[in-house]
Amino acid sequence: MICRTICVCIIYIRISSALGNEDSKLNFTGLGLKYGHIVEEHNVDTEDGYILKLFHIPGDPRRPVLLVHGIIDSSDTFIIRGNGSLAISLANKGYDIWALNTRGNRYSKAHKYLNPDDGTFWNFSFHEMGYYDLPATIDYILNRTNQKQLSAIGHSQGNTHFYVLGSTRPEYNDKVKVIIALAPICFLHNVKPPTSTLLALLPSVGNLLQTLGMEEVFSDDSVLNDGIKAICNEKELGYELCASGVFFAIGGSDPSELEPDFLPVVVSHYPTSTSRKNGVHVAQVALRKSFSQYDYGPIRNNVVYNTIVPPSYDLGKVKMRVALFVGRNDGISSIRDTELLRDRLPNVEYRLLENKKHNHLDHVWGRNMYQYLFPHIFSVLKKYD
């Protein structure tokens, strides 16, 4: 009875809070149509059997741009700001927009023979996204557009995949004109509390989830995700608890860019599902202070890698052009860590953004990005057109 009452309350709050903003109820296709653009839906098959959803806003096929979201996120992150979003702004400039959904999120929970209800479906981390998802997607786009290269924009873990790709499948370096890395994530040596505390806890949490047989996290139909959305949609406490207490605490505080009225739109699209293993892999990178492949422990590492220590990704092989866009107030992607990345990449451009409050999430959710971030993005894209 108590559980039923809680669930009913959650559903009631979600429905009543979402009614005030249509964008809370629209998916990528619906948002694209609302803001003036046709959206096509494509399926991309990876070598290891995953079926990825790829949204396409048609433009000049000679100027394809691939958008790649971060962890527990989806392609929606690039369009929920409507006319002020990156996807719509690029489409309005005539670019051919392709928005990827990496394996396991709400749009890409399909496989040729694995069932998402089975743990084996979730046996992946950002390594597989870079090694399998990106090559399949890049080849698909280049084949559809009859081009030899594309430009890409990745937010947070969305740019991590490109460092994996360039180092493990170097033939793809020549297929990417430039990767614009918003809030670059590679090294996590200098993350501060509370983010560092969260990362330190993740391996233990991951072990517990594995023991409980929970390989998927933040499923859209989970009680946890419903509870998060219900709390964040609560008018009086939602902003204080979710924006200030979570987003700003972890990613850096910038309330001028994430206003209370927009929070319900955000939490109707975010978070979405990923694997337990993905979160643990991120934590390993931070705790081991090494951008390396997944650490299974000495015995299994020796079987998988033929060494007891997981191999590091060789960033010297990432020959594609990388433009690092760094926020001064980013609680996850610190200036020191992005400087470490800059110094390891052979073909890099580094941009420290002017706004002193620019945080980790402003890149995609900030309401004024069209004024002071997007012009920098457009200039980089134009340089390599």
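Read-outs throughout are calculated quantities, based only on the coordinates presented, and are distinct from any laboratory measurement. Predicted model, so just to flag it, every value in this text is computed and none were measured. When we count neighbours, we look across all protein chains shown, and the Cβ atoms used for this are built from the backbone with ideal geometry, even at glycine.
Which lysines have a Cα less than 29 Å from the Cα of LYS192, not counting those fewer than 8 places away in the same chain?
Counting by Cα, and skipping residues close in sequence, LYS192 has these lysines nearby: LYS229, LYS277, LYS289, LYS356, LYS357.
Just to check I understand the Karplus step: with θ = phi - 60° and J = 6.51 cos²θ - 1.76 cosθ + 1.60, what whole-Hz values come out for region 230-245, glycine and proline as x?
Karplus-based 3J(HN,Hα) across region 230-245 equals 5, 5, 5, 7, 5, 4, 7, 9, x, 5, 5, 6, 8, 6, 6, x Hz.
Compute the separation of the alpha-carbon centres of region 308-371 and region 259-300 and state it in Å as a whole number.
When both Cα centres are located, 17 Å separates them.
Below 12 angstrom from the Cβ of TRP365, what's the summed charge of the other residues (Lys, Arg +1; Asp, Glu -1)?
That works out to -4.
What does the charge add up to near TYR95, with Lys and Arg as +1, Asp and Glu as -1, over the other residues with Cβ less than 9 Å from its Cβ?
So the surrounding residues net to 0.
Please give the charge dipole size of the chain, origin at the Cα centre, charges +1 on K and R Cβ atoms and -1 on D and E Cβ atoms. Round to the nearest 20 debye.
Its charge dipole is roughly 840 debye.
Using θ = phi - 60° and the Karplus relation 6.51 cos²θ - 1.76 cosθ + 1.60, list the HN-Hα couplings for region 125-137 in order, rounded to whole Hz, with x at every Gly or Pro.
Karplus-based 3J(HN,Hα) across region 125-137 equals 9, 5, 4, 5, 5, x, 7, 10, 5, 5, x, 4, 5 Hz.
Using just the helices of the chain, give the 222 nm mean residue ellipticity in deg cm²/dmol: DSSP H runs with n ≥ 4 each add -39,500 (n - 2.57), and the total is spread over all residues, rounded to 500.
-10500 deg cm²/dmol
Enumerate the lysines that LYS317 could reach by cross-link, defined here as Cα to Cα under 16 Å, with residues fewer than 8 away along the same chain left out.
Once the sequence-local lysines are set aside, what remains near LYS317 is LYS175, LYS177.
Is there a pair in LYS53/LYS235; LYS25/LYS148; LYS53/LYS148; LYS53/LYS93 whose C-alpha atoms are over 26 Å apart, and which pairs would that be?
Too far apart for the 26 Å limit: LYS53/LYS235; LYS25/LYS148.
Please turn the phi angles of region 152-163 into ³J(HN,Hα) values with the Karplus equation 6.51 cos²θ - 1.76 cosθ + 1.60 (θ = phi - 60°), one per residue in order, whole Hz, x for glycine and proline.
9, 10, x, 9, 6, 4, x, 8, 4, 4, 6, 5
Quick one: which residues, 5+ away or cross-chain, put their amide H under 5 Å from the amide H of ILE153? H built at 1.01 Å from N.
LEU66, LEU67, VAL68, ILE180
Using only Cα atoms, what Kirkwood radius does the chain have, in angstroms?
Taking the inverse mean of 1/r over all distinct Cα pairs, the chain comes out at 21.1 Å.
Once you keep just the Cα pairs under 8 angstrom separated by 6 or more residues, what percentage relative contact order results for region 2-383?
Over region 2-383, the number comes to 20 percent.
Could you name the aspartates and glutamates whose alpha carbon sits less than 15 Å from that of LYS383, not counting residues in the same chain fewer than 8 places away?
By straight Cα distance, LYS383 reaches GLU349.
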